[in-house]
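A short worksheet on the structure shown next.
Each value in this text was obtained by applying a stated rule to the coordinates, not by laboratory testing. Everything numeric here is computed off the predicted structure, so don't read it as measured data. Please note: Cβ atoms are built from the backbone with ideal geometry, for glycine as well, and neighbour counts cover all protein chains shown.
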Amino acid sequence: MSTREKGMGIGGLVLRLHLGLVLLFLYVPIIVMAVLSFNQSQLYELPFTFDLVWYKSLASNDRLIDAGINSLVIALINTVVATAFGTMAALAFARYQFRGKSLLQLLLFPPITIPWLVIGTAMLVFFFWTGIGRGLHAILLGHVALSLPYVIIVVGARLANFPRMMEEAAATLGATPWQTFRRVTAPILAPGVVAAALFAFAVSFDQFVISYFLAPPGVTTLPVAIYAAIRKGFTPEINAISTIIIVVSMGIMLITARFYRFGGER
Amino acid sequence: MANARERRAILSLTAPAYLWLTVTIFLPLAAMLYCSFLNKSPLVPTPAVATFANYIAFFTRPVYRDLTWWSLELGAYVTFFCLLVGYPVAYALAKQIKGRWREALFLMVILPFWSNALVRIFSWTMVLRNGGLMDQLIHWVAPDAPPINLLYSYPAVVIGLVHSYLPYMILTCYISLQAIDDSVVEAAASLGARTTTIFRRVVFPMSLPGVIAGAALIFVPVIGSFMEPRILGGTKGVTLGMSIEEQFMVTANWPLGAALSFMMLAIVLLLCAIGYPLVKRQTDGLK
């Protein structure tokens with residue numbers, strides 16, 4: 001108790017002020033970018049005049065729209081594949097003791113910790129040699145690889161607190177293994193799987209580095225197209241598409257947070 | 001030990017994920033290692049010969065020594081500022097703010113981290129450029145100040161990267177601060193330790209694993225960053241990552257790019273090997 005009371009003193013106030021400033025630091029650039037996407041001026045000039053002109057011009061920008069559709073399709077397929085395979089692996093880790101299990105779990109860390117630049121270029125080299133080549137299929141291969149470790153870890157965390165007794169009870173009461181899975185295991189597992197799926201979607205939808213190396217000329221995902229556009233020079237059109245992306249990905253993570261508590265809070 | 005039926009279940013459950021990771025991560029890394037010893041790019045149809053030339057180039061050409069040094073320096077700056085800014089936030093969230101507020105604020109801190117990195121870097125150009133938010137704010141306070149254009153400068157790269165990676169540091173420090181039992185702090189206080197002493201001797205050393213984890217999670221990708229310095233730094237703040245990207249996408253010298261990638265990984269591993277005993281001694285001292 002004493003620490004908590006002390007916390008309300010000057011030190012506590014300073015810490016809270018600092019927290020507020022950090023939140024400003026994190027959000028002000030994003031908000032400025034979003035606001036300017038609704039501004040009429042092409043050169044980002046003030047005064048601010050509300051206009052949807054950049055969103056309208058976005059609607060007729062086929063290149064960005066195609067890239068957006070590519071991104072969505074890849075993210076959706078990635079979500080299904082990574083969630084299915086990842087959940088299966090997580091189930092194996094939670095249910096069975098077997099030799100090589102800790103090695104397999106250790107192997108999840110290279111995809112997370114090795115810089116994407118290295119992984120992306122390695123994929124470029126290997127896919128070139130094996131004839132897989134570049135393209136949307138290669139990008140999908142890469143995205144699933146990046147999503148799998150996250151899915152296995154997130155679903156695994158849910159399975160760690162899994163009441164095994166309930167499955168055993170169902171089996172004792174005469175349920176077949178399939179019935180047990182469908183009526184007992186699946187509902188308990190669901191929040192973890194949904195959270196993992198949303199993670200997987202976000203990983204793919206926001207992925208730039210891997211896609212950048214695996215995208216052949218003329219075929220792009222949204223982040224790659226935006227990068228190309230930024231390198232050519234900024235227009236408020238980029239602000240508009242960026243604002244849409246930020247809203248979508250933050251929205252997905254807010255939904256994820258409903259299913260999966262961050263930060264070990266009980 | 002697993003019987004035949006169990007073995008089949010284990011195999012069929014883990015095989016899809018790990019086959020996928022083998023084809024997309026482990027075999028490519030092996031292929032890249034092989035590629036780094038070739039004397040010409042696989043794009044060239046004539047057969048290549050094995051050589052150490054790409055690694056020798058890294059050690060002998062001054063440009064790579066400079067690049068490595070600049071990358072390490074940039075990584076150190078970004079990690080340092082993330083710690084300086086992020087640790088107090090983690091401390092406030094773990095030890096000072098409770099209940100629903102903590103949950104909401106924590107989510108707000110983590111949320112940008114899960115949104116598009118490229119877009120967040122782009123958003124800084126709106127703040128830093130000539131006539132951007134920062135310029136306008138400064139001239140609103142001091143109308144006579146010269147025009148401020150931080151875009152395409154070294155500080156811009158540092159600011160953008162800190163913005164990108166700050167949530168990592170807050171998250172890892174938060175987790176280790178959260179794990180410190182309040183009764184330890186109270187015990188120190190009841191034995192007469194002052195607040196600063198408690199922090200210096202008890203809280204900070206106990207949270208060190210989180211600090212180290214955060215530093216590693218930030219330092220490694222910063223050295224390998226190329227998109228952030230390209231957008232915010234222009235030609236300033238060159239990194240190993242930018243050079244590697246160039247070897248693959250511009251000059252098409254894949255073997256050199258591969259060798260640079262592995263040197264980058266080697267440097268990171270070396271730093272971990274040096275850092276680990278130091279950290280271990282620190283944390284062992286607590287037991």
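Some observations on this one:
- Relative contact order (%) - segment A:92-198, alpha-carbon pairs under 8 angstrom, separation at least six: 27 percent
- Neighbours of A:Ser71 by Cβ distance under 13 Å: Lys/Arg scored +1, Asp/Glu scored -1, total -1.
- Between A:Trp116, A:Trp54, A:Trp129, the GNM of chain A built on Cα springs shorter than 10 angstrom shows A:Trp129 fluctuating the most.
- Neighbour-limited loop hits for trypsin sites (Lys or Arg not before Pro), segment B:142-218 (at most 13 other Cβ within 10 Å; DSSP other than H, G, I, E, B): B:Arg194
- Overall form of the protein assembly as shown per C-alpha gyration tensor (a/c, 1.5; a/b vs b/c): rounded
- Rounded to the nearest whole Hz, the Karplus-based 3J(HN,Hα) values (6.51 cos²θ - 1.76 cosθ + 1.60, θ = phi - 60°) of segment B:108-122 follow the sequence 5, 6, 7, 3, x, 4, 9, 9, 4, 5, 4, 5, 5, 5, 4, with x at glycine and proline.
- Spatially, segment A:102-151 and segment B:93-159 are offset by 32 Å when compared through their Cα centroids.
- Residue-wise HN-Hα couplings along segment B:192-204, as the Karplus relation 6.51 cos²θ - 1.76 cosθ + 1.60 with θ = phi - 60° gives them from phi, are x, 6, 7, 4, 5, 5, 4, 5, 5, 9, 10, 5, 5 Hz; Gly and Pro carry x.
- Segment A:55-259: C-alpha gyration tensor shape, a/c 1.5 cut-off, then a/b vs b/c: prolate
- Overall form of segment B:62-284 per C-alpha gyration tensor (a/c, 1.5; a/b vs b/c): oblate
- Among A:Val28, A:Ala240, A:Phe128 - extreme Cα towards positive end, dipole of the protein assembly as shown, charges at beta-carbon: A:Phe128
- Taking chain B and dividing mean pair separation by its residue count, relative contact order in percent (alpha carbons under 8 Å, at least six apart): 26 percent
- Residue-count net charge about B:Ala9 - beta-carbon cut-off 14 Å; Lys, Arg +1, Asp, Glu -1: +4
- Close amide H pairs (under 5 Å, H built 1.01 Å from N) link B:Leu38 with B:Thr51, residues at least 5 positions away or on another chain.
- Within 10 Å of the Cβ of each residue in A:81-89, the mean number of Cβ atoms contributed by other protein chains is 4.
- Assigned charges on the beta-carbon of Lys, Arg, Asp, Glu; segment B:62-284 dipole about Cα centre (debye): 420 debye
- Unit charges at the beta carbon, dipole of the protein assembly as shown: most positive-side option, A:Ala82, B:Met134, B:Thr46: A:Ala82
- Farthest positive-ward along segment A:55-259 dipole, Cα basis, beta-carbon charges - from A:Val155, A:Ala195, A:Val118: A:Val155
- Inter-chain shielding of B:123-135 (mean C-beta neighbours from other protein chains, 10 Å cut-off): 5
- Amide H contacts under 5 Å for A:Ser41: A:Thr49, restricted to partners 5 or more places along the chain or on a different chain, H placed in the peptide plane at 1.01 Å from N.
- Cβ neighbours within 10 Å from other chains - mean over A:17-29: 6
- Computed over chain B with a Gaussian network model linking Cα atoms closer than 10 Å, the most mobile of B:Gly257, B:Gly99, B:Gly241 is B:Gly99.
- The HN-Hα couplings worked out from phi for segment B:257-262 by the Karplus form 6.51 cos²θ - 1.76 cosθ + 1.60 (θ = phi - 60°) are x, 5, 4, 4, 4, 6 Hz, whole numbers, x standing for Gly and Pro.
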